[in-house]
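Every read-out reported here was derived from the displayed coordinates using simple, explicitly stated rules and does not represent laboratory data. Just so we're clear, the structure is a prediction, and the values are computed from it rather than from any experiment. Note that each Cβ is placed from the backbone with ideal geometry, even for glycine, and that neighbours are counted across all protein chains shown.
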Amino acid sequence: MNVKVVKFGGSSLADADHFRMVADIIKSDPSRRYVVPSAPGKRFKDDIKVTDMLYECYRLVREHAASEVVDTCYNAIVDRFNGIIKDLGLNFDITGELEYVKQAILCRAGRDYAASRGEYLNGLILAKYLGYDFIDAENVIFFAENGTFDAERTHEVLSAELSRHEHAVIPGFYGIMPNGTIKTFSRGGSDITGSIVARAAEADLYENWTDVSGFMMADPRVIGDTCPIKTITYRELRELSYMGATVLHEDAIFPVRNAGIPINIRNTNKPEDEGTMIVASAPDYDSRHIITGIAGKKGFSVVTIEHDMMNSEIGFGRRVLEVFEDFGISFEHLPSGIDTMSVIISTSELDPHRERVLTALKRSLRPDSITIEDGLALLAVVGRGMVKAKGTAARVFKAVSDAGVNIRMIDQGSCELNIILGVDEHDFETTMKAIYNEFVK
Ligand code: ASP
């Protein structure tokens, strides 16, 4: 029988109505055997996620806030969980668990411990509601001494554990350190847990249920109503997600990608929508569009270094990058000419070290000139169809130039999967619209 691992995000489990929708989805397909829940998310725009409420309680305790203040904060969490249980009409008393968690937070069990309890408690409720077994992530998801995820140990223990359960709920977001303390992934990390569980279950599919019907071809805040992406490869998604797509945690693709398990992004509020399929490779592409998507981000700086005979000076590039490495700054792109080299970095990473970076570059390279320009936006036009279609670059540049935008930087990987453009920040929206209209409309 097929096995599907299904992960539900916070907005999909924000209240009892959503719990019912989630249960309908799970029960409508017997292969949906393993379920990974997030903590309850926002029910309305200005609502607070349970994870954020837990972080706040932890902060209040650490800062020695008055006990009534801590109580008020924690009682709001108690109300969220009890509200869900009551509205579901569930015969389940979670008071002891809630009290235990409160005492542990008061005894400073740790920030990650506090945050992880949203998933833990929600997992208990969901398991009860579905009639599924509960597998605590602290027994099956392991971190190594240095805080990185221990993939091999986890895989071994988790696979063995899953094989003992026909159906189970495994809370997302956290695991355990060798010293027995709870550690979480970074925010949105239940997506990673889902992927890890899918690998261990040797699932045929990892369904990631959220509140949108998959990835859109471009940022809806810029374009308005955009077309959804039906199929995207892992590589294309990497090119797009690193530029700012927010639907899926970017580390979530690694466990399943290596195991060849596709991810399907689905919408809990519109289960009839097919969503986006993320696959290892796709033989065809949407020939109407050629491109798969456009993503972009503002807030980059360009450091340009000029030095006569740079191209014949062996080790020059290494010394440039060494300076950035010493300050812990990662670079986005590295366009270069015969005697110039530009390093494109995020302005927020550069800002704390700006003057010292300049001094170090001057000292190490003795350049003829060096300048820093801020206010750059990067846009990535991504698509496996671009590899075969001639003239795609020409269409991108013509569309941008017809929109009256000056292109400050161009970068195309030799894989021909993407074209990266650098434009002034104030041209960002115009550029995205121009490219979108050229290829999609
Ligand atoms: N609840 C956690 C967060 O809000 C993890 C998750 O939802 O994936 O970041």
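Numbers for the structure displayed
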item	result
Label point 7 Å beyond Cα of THR347 along Cβ direction - residues of region 287-301 with amide nitrogen under 20 Å	295-301
Order by protection proxy (mean Cβ within 10 Å, highest first), peptides 400-413, 261-274	261-274, 400-413
Highest average packing first - 176-184, 143-151, Cβ atoms within 10 Å	176-184, 143-151
For the chain, built as a Gaussian network whose Cα springs stay under 10 Å, the top-fluctuating residue of ALA39, ALA360, ALA203	ALA360
Net charge, LEU417 excluded, C-beta distance under 14 Å - Lys, Arg +1, Asp, Glu -1	0
Volume of the Cα convex hull of region 313-427, divided per residue and given in Å³	131
Additional length obtainable on full extension of the chain from LEU358 to ILE370, 0.36 nm per residue less Cα span	3.5 nm
The chain, dipole about Cα centre (Lys/Arg Cβ +1, Asp/Glu Cβ -1), debye to the nearest 20	460
Geometric extent, Cα atoms of the chain - Rg, Dmax (angstrom)	24.5, 77
Rounded to 10°, Cα long-axis angle of helix 50-62 versus longest principal axis of the chain	90
Restraint check, LYS27/LYS183; LYS42/LYS270; LYS7/LYS433; LYS230/LYS433, Cα-Cα greater than 24 Å	LYS27/LYS183; LYS7/LYS433
